[in-house]
Amino acid sequence: MMNNKSNNIVYRKEERVWVWIKYRLLEAGSSLSKLARLEGVTRQALSSVKHSSYPKLERRIAESIGLTASDLWPHRYGIYTQAILRAREKNQTPKTDIRTEGNDSGEP
């Protein structure tokens, strides 16, 4: 169980990352508001990515600053998720489900 000190450290790290993301967007001539308009969502919806997973918007934010969503939020993207995202980028499905690889029953 995390204590308050640990929770504060995690929160401060997330805050620094979010400030850095907004800075990089400004460097690229964009902002959260501009991205929200392009995506057809409110700025608040785009900002919700800060605290909860929203893959489509995470990818859009990351692309806007020349990174991948897993670069910005590695804790949200495990090995299996990364394999699926790479396959989607190539417009193909993964050849094997790594969760069941080597398991003939199809069960994870």
**OP:** Working only within segment 16-63, note down all residues that are small (Gly, Ala, Ser) and not in a loop (DSSP other than H, G, I, E, B).
**Re:** Ser33, Ala36, Ala45, Ser47, Ser48, Ala62
Original post:
In segment 71-87, which residues are part of a helix (DSSP H, G or I) and at pLDDT below 85?
Top reply: Pro74, His75, Arg76, Ile79, Tyr80, Thr81, Gln82, Ala83, Ile84, Leu85, Arg86, Ala87
Subject >> Any hit, segment 20-37, residues being within 22 Å of Arg88 (Cβ to Cβ) and either of a type in the set (Phe, Trp, Tyr) or surrounded by fewer than 15 Cβ atoms within 10 Å (Cβ to Cβ) (or both) >> reply: no
Original post:
When Gly66 is evaluated against the numbered criteria (1) of a type in the set (Gly, Ala, Ser); (2) more than 18 Å from Glu89 (Cβ to Cβ); (3) not in a helix (DSSP H, G or I), which criterion, by number, is the only one it fails?
Top reply: (2)
**OP:** Scan segment 12-23 and report the pairs whose first residue is within 15 Å of Ser47 (Cβ to Cβ) and whose second residue is surrounded by 11 or more Cβ atoms within 10 Å (Cβ to Cβ) and modelled with pLDDT of 80 or more, with Cβ atoms within less than 6 Å and a gap of 6+ or a chain change.
**Re:** Trp18/Lys50
**OP:** Run down Lys90, Lys34 and say which single residue is modelled with pLDDT under 90 and out of contact with any Phe, Trp or Tyr (no Cβ under 6 Å at 6 or more places or on another chain).
**Re:** Lys90
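The values are calculated or read from the model by the stated rules, or taken from the named source; none is laboratory data. Fair warning: this is a prediction, and the values are worked out from it, not measured in the lab. Reconstructed Cβ throughout: ideal geometry from the backbone, glycine too, with neighbour counts over all protein chains shown.
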